[in-house]
Amino acid sequence: MEESRQKLIGENGLRIDGRKPDELRPIRMEVGLLANADGSAYIEQGKSKIIVAVYGPREVHPKHLGLSDRAIVRCRYHMAPFSTQERKSPAPSRREIELSKIIREAFEPVIFSEYYPRSMIDIFIEVLQSDGGTRCAGITAASLALADAGIPLRDLVASCAVGKVEGCLIVDLNDEEDKEGEADMPVAYIPALDTVSLLQMDGQLTEEEFVEALKMAKEACMRIYQMQKQALKQKYVEAKEAVEEQE
Amino acid sequence: MPLLVERRQLVSPGDLLAEGEYLAGDNAYKDDGRIYAQRLGLADVRGKRVSVVALKGPYIPRVGDLVIGRIVDTTLGGWIVDINSPYTANLSVSDVTGKPFSPEMVSLTKILALGDIVIAKISAFDRTRDPALTIKERGLGKVEGGVVIDLTPTKVPRLIGKKGSMINMIKQLTGCEIIAGQNGKVLIKGRNLKMVELAIHSVRMVEEQAHTSGLTDRIRKFIEEEKEKF
């Protein structure tokens with residue numbers, strides 16, 4: 001078994017999907033595709049596909065859950081039953097409940113929730129197809145959906161994982177690298193505040209590797225951040241160009 | 001102490017707008033001497049104040065705003081009105097009729113039924129309580145006919161234009177009566193169905209192209225061209 005397993009890093013230093021260690025998967029983002037949500041976004045990162053809807057600020061139900069000084073933020077991360085190799089039960093698993101919580105906490109530093117007391121903001125992250133890195137891609141897309149809903153933000157949150165396979169630090173792991181590798185470290189980064197709002201790790205890294213991995217993660221997040229800004233403005237830039245063309 | 005954006009430049013949350021002695025206006029915030037955008041919108045600079053005109057966003061009530069709402073429920077002494085905002089508004093009986101009112105004698109739904117549309121004014125609102133409405137002024141009250149369309153609340157000022165230039169132009173050219181609620185609900189009334197459709201189309205066009213320049217002229221041209229086809 002051991003021999004027949006494909007090596008994760010080839011002779012040429014490239015990964016199983018042909019990427020360089022610090023190369024992201026191809027990313028496509030789309031904003032505002034759901035008519036019924038206040039804000040929405042869709043992201044494809046490699047083979048991972050995620051749709052995010054944001055509602056709010058809206059009235060809190062039941063009313064006693066509301067806070068008198070700020071809006072409450074709720075988040076649901078959910079994987080569709082058909083998103084994985086084996087059918088996943090649609091009931092929220094331990095993992096999904098935990099991810100919902102940490103994703104919510106990743107957004108708490110950026111949302112001006114004090115502007116909307118006694119209301120709530122809901123974030124729904126639905127993973128349609130999973131190939132690793134879904135919590136990070138989910139955060140990236142949820143930032144866009146929040147901005148699309150017109151909720152005041154200190155900044156967009158960009159997120160990317162760094163990991164280690166066969167002794168080599170790599171960025172934006174796919175499912176196989178995540179499962180077979182030695183470490184996986186998802187990071188969410190807020191550029192304007194220079195703050196890390198999510199950092200998890202499973203596996204082991206040495207202290208030097210950790211420092212290097214965090215640096216790589218921030219660089220990857222900055223690249224994703226630029227794409228986020230572009231995706232947000234896209235629709236309006238297009239409308240403006242269409243108008244200018246007419247004249 | 002540079003200003004880093006031009007007027008009407010498209011900015012997104014977290015974009016650095018200015019550094020140094022500038023002040024943060026609407027939809028902008030200051031952190032450590034730097035001014036950042038809070039929302040997707042167009043940058044605006046007035047003197048030392050840097051702000052962002054948001055392209056999309058929720059409606060937050062302000063005292064004095066004209067809004068168009070829908071009755072969703074009744075209480076002992078009034079109605080609950082959906083005003084397309086995170087907060088539902090209260091309309092009390094005393095803000096509707098001048099006559100004395102006793103709940104045992106008259107059903108509230110005889111005056112305003114569930115689902116009725118009202119044009120109202122926000123009479124009181126603060127962070128701790130839901131907004132209160134009044135319809136005891138000229139031009140306010142139950143809507144008896146017309147079409148209500150939705151608009152992003154942040155684009156209502158654009159629809160109205162400078163001193164009403166945009167909305168008056170659409171009214172004049174289509175002959176329709178148009179009332180724009182600050183909460184993003186726009187009531188359009190007219191005798192001629194084609195003109196109503198044209199007015200709706202024009203409002204939609206304003207929404208889609210709110211961030212472009214020369215819009216009033218473009219809408220005027222559009223309406224005039226469409227009218228010739230009738």
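Every number here is computed from the coordinates shown, using simple stated rules; none is lab data. This one's a predicted model, so the numbers in the text were calculated from it and none came from an experiment. For neighbour counting, all protein chains shown are included, and Cβ atoms are generated from backbone atoms with ideal geometry for every residue, glycine included.
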Seminar exercise, completed: Lys and Arg at +1, Asp and Glu at -1: neighbours of residue B:12 with Cβ under 13 Å from its Cβ sum to +3
Exercise. Rg(Cα) of region B:10-54 divided by 2.2 N^0.38 Å?
Worked result: 0.94
Exercise. Binned at 20 Å from 0, what are the whole-percent values of the Cα-Cα distance distribution for the protein assembly as shown, short to long?
Worked result: 21, 47, 26, 5, 0
For this session: Would you mind pulling out the separation of the Cα centroids of region B:30-44 and region B:63-103, in Å?
Result: 36
Problem set entry | Inter-site label distance for residue A:244 and residue A:89 at 7 Å from Cα along Cβ, in nm | 5.6
Problem set entry | Sparse-neighbourhood loop sites, trypsin sites (Lys or Arg not before Pro) in region B:1-77 - DSSP loop, at most 15 other Cβ within 10 angstrom | B:7, B:8, B:48, B:62
Problem set entry | For region B:160-230, fraction of C-alpha pairs farther apart than 16 Å, in % | 42
Problem set entry | Cα centroid of region A:12-36 to Cα centroid of region A:64-109, whole Å | 23
Problem set entry | Phi to ³J(HN,Hα) by Karplus 6.51 cos²θ - 1.76 cosθ + 1.60 over region A:196-203, Hz, x for Gly, Pro | 9, 9, 8, 8, 10, 8, 10, x
Problem set entry | Size of charge dipole - region A:1-82 - debye, nearest 20, with Cβ of Lys, Arg +1 and Asp, Glu -1, no other charges | 180
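Just how large is the dipole of region B:147-229 about the Cα centre, in debye to the nearest 20, putting +1 at every Lys and Arg Cβ and -1 at every Asp and Glu Cβ?
With only Lys, Arg, Asp and Glu charged at Cβ, the dipole is about 220 debye.
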Seminar exercise, completed: The distance between the Cα centres of region A:207-229 and region B:123-169, in whole Å, is 46
Seminar exercise, completed: With a ≥ b ≥ c from the Cα gyration tensor eigenvalues, square-rooted, and the rule rounded for a/c under 1.5, otherwise prolate when a/b > b/c and oblate otherwise, chain A is prolate
For this session: Would you mind working out the magnitude of the charge dipole of the protein assembly as shown relative to its Cα centre, with +1 at each Lys and Arg C-beta and -1 at each Asp and Glu C-beta, to the nearest 20 Debye?
Result: 2540
Exercise. In deg cm²/dmol, rounded to 500, what helix-only [θ] at 222 nm does chain B give when every DSSP H run of at least 4 residues adds -39500 (n - 2.57) and the total is split over its residues?
Worked result: -6500 deg cm²/dmol
Seminar exercise, completed: Helix-only [θ] at 222 nm, chain A, -39500 (n - 2.57) per DSSP H run of 4+, per residue, nearest 500, equals -10500 deg cm²/dmol
Seminar exercise, completed: Residues other than residue B:153 with Cβ under 14 Å of its Cβ, Lys/Arg counted +1 and Asp/Glu -1, net out at +1
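Please report the relative contact order for region B:1-73, taking Cα pairs under 8 Å with a sequence separation of at least 6, and give it as a percent rounded to a whole number. Let's see the in-between values first.
Details: 146 pairs, mean separation 20.1, N = 73.
Relative contact order of region B:1-73: 28 percent.
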For this session: Compute the distance in nm between two label points, each set 7 Å from the Cα along the Cα-to-Cβ direction, one at residue B:63 and one at residue B:192.
Result: 4.4
For this session: Return, for the Cα atoms of chain B, the radius of gyration and Dmax in Å, separated by a comma.
Result: 20.6, 68
